[in-house]
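The values are calculated or read from the model by the stated rules, or taken from the named source; none is laboratory data. These figures come from a predicted structure and were not determined experimentally. A quick note on method: Cβ atoms are made from the backbone with ideal geometry, for glycine too, and the neighbour counts reach across all protein chains shown.
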């Protein structure tokens, strides 16, 4: 299986595609003008404590106040650490948040610690962004800091040693734990990341010292910085991709921007000199994403309807609370019986859905409405296929068994905007509703509007300016409606098409004979 990192970079936008067998599996986009603050560390001030929600608003210098839960304030509580130890080793390879589970908290602790006992208005706090602002929600922050490196993740506020669950060899897990325990400074926590497997003690010690020095520098800045202040900025998307995705399993990294190419080489010389030979500078005239056939897949990932090879299709709808995914047979009629046709469509849809979820970076609550199947064995087969298809996903997912109605409920870790929200905006025609009024409805609205306003019009005729398609309808099959109005108003109505008008827009004004 070929794996490549393809980077299209300019001064104004950088796009990183992680490609497997020619298909983009993950896409990361960063625009300096918009800013990506995930994993940045700030010195902030508590604005308001909310005991009813066990949370607080914190000013970290953004337009919108950040939000911190009581779970994210707690540090160095022995009981808390013991409960959390089993989860520290999971999912540390997420590009957006290497130590994703270190920011979650068992519900059983809610009654033991109160937010008002830990924070008060005006208090200064050192915090890291665990979730960038999404939609109308402000950033979520945590005071439990994690600093990711290439091989290790430093957790300076947690006394724990963990190993990535993706390292399965028990002897290697034991070696890494013992090595980190022997080398680490007292009371510092570390996670050995997946790429640390087989890495020697000297390299681990070098990175450990680098991360500890980085944390000490952040603490030094914190002592002198005003409030609010940015104390530490996460690497840009290019270097994050190199740090978190560029491994020996990746065949090559190709970038079309020379300053970025040189930046990557400098980074590799410091941390991964052995991978330098796998980096290429792309200088052909054809745009790099076109050359690797990525633009068409990105365009497809922005569409609501995704067609399957069989002729079936999947519809992906974003709502305020969840993402709904609907599976349909479409043009696929099968060869034998209906149950077999439905099963094949559902199984084909599973692969496409898992692919689209990962590529679009869909998070939160996801409801998948598969086509109803009569046999429970087939429902179980589709459910297991969903779980298998999501195994490659680096973001944490939780999938519930399929219901009798063919629904699969799942959650996926969300740390930033989806591809759809990042690249699209609500339609200025329909204000994001997804629908326009039908042309006949618009004609009836015009009819009512004319009758409503006619009492104030003293002219001899009324000129009605409308979209050309509405004009065609009013002069065609809607002509009876216009004649009825002319008789009721005792005035001529002149229809004038306006090319620049929105289909729902119209204007009327009276005319006087000279």
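Before moving on, here are some points about what is shown:
- Candidate set from segment 431-453 (those that are in contact with a strand residue (DSSP E or B) (Cβ under 8 Å, 6 or more places away or on another chain) and over 30 Å from residue 316 (Cα atoms)); member that is modelled with the lowest pLDDT: 453
- Sole residue being over 30 Å from residue 434 (Cβ atoms), within 24 Å of the chain's Cα centre (by Cα) and either without any contact (Cβ under 8 Å) to a residue 40 or more places away in the chain or loosely packed, with under 12 Cβ neighbours inside 10 Å (or both), chosen from 290, 283: 290
- In this structure, residue 368 does not qualify as under 19 Å from residue 420 (Cβ atoms) and in a helix (DSSP H, G or I).
- Residue among 271, 267 that alone is closer than 29 Å to residue 215 by Cβ, at pLDDT below 95 and within 28 Å of the chain's Cα centre (by Cα): 267
Listed here are the residues, each with its yes/no results for (1) farther than 30 Å from residue 141 by Cα; (2) touching a strand residue (DSSP E or B) at 6+ places or on another chain (Cβ under 9 Å); (3) part of a helix (DSSP H, G or I).
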| position | (1), (2), (3) |
| --- | --- |
| 226 | no, yes, no |
| 242 | no, yes, yes |
| 250 | yes, yes, no |
| 261 | yes, yes, yes |
| 265 | yes, yes, yes |
| 276 | yes, no, yes |
| 284 | yes, no, no |
| 289 | yes, yes, yes |
| 298 | yes, yes, yes |
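- One residue stands out in segment 473-514 among those that are free of Cβ contacts under 8 Å to residues at least 24 places away in the same chain and under 25 Å from residue 436 (Cα atoms): the one that is surrounded by the most Cβ atoms within 10 Å (Cβ to Cβ), namely 482.
- Matching residues, segment 423-450, being farther than 17 Å from residue 502 by Cα, over 31 Å from the mean Cα position of the chain (by Cα) and loosely packed, with under 13 Cβ neighbours inside 10 Å: 448
- Qualifying residue in segment 389-402 (condition: part of a helix (DSSP H, G or I) and touching a residue at least 12 places away in the same chain (Cβ under 8 Å)): yes
- When the residues of segment 300-329 are filtered to those that are assigned to a loop (DSSP other than H, G, I, E, B) and in contact with a helix residue (DSSP H, G or I) (Cβ under 8 Å, 6 or more places away or on another chain), the one that is surrounded by the fewest Cβ atoms within 10 Å (Cβ to Cβ) is 309.
- Flag if residue 64 is within 20 Å of the chain's Cα centre (by Cα), closer than 23 Å to residue 264 by Cβ, surrounded by fewer than 20 Cβ atoms within 10 Å (Cβ to Cβ) and touching a residue at least 60 places away in the same chain (Cβ under 8 Å): no
- Some residue of segment 332-353 being assigned to a strand (DSSP E or B), in contact (Cβ under 8 Å) with a residue 12 or more places away in the chain and closer than 23 Å to residue 27 by Cα: no
- Members of segment 183-194 found to be in contact with a helix residue (DSSP H, G or I) (Cβ under 9 Å, 6 or more places away or on another chain) and surrounded by fewer than 22 Cβ atoms within 10 Å (Cβ to Cβ), listed by number: 183, 184, 185, 188
- Checked against the criterion of being surrounded by fewer than 16 Cβ atoms within 10 Å (Cβ to Cβ), at pLDDT 90 or above and within 19 Å of the chain's Cα centre (by Cα), the candidates 384, 398 yield just one match: 398.
- Filtering segment 197-218 to residues that are without any contact (Cβ under 8 Å) to a residue 24 or more places away in the chain and in a helix (DSSP H, G or I) leaves 201, 202, 205, 206, 209, 213, 216, 217.
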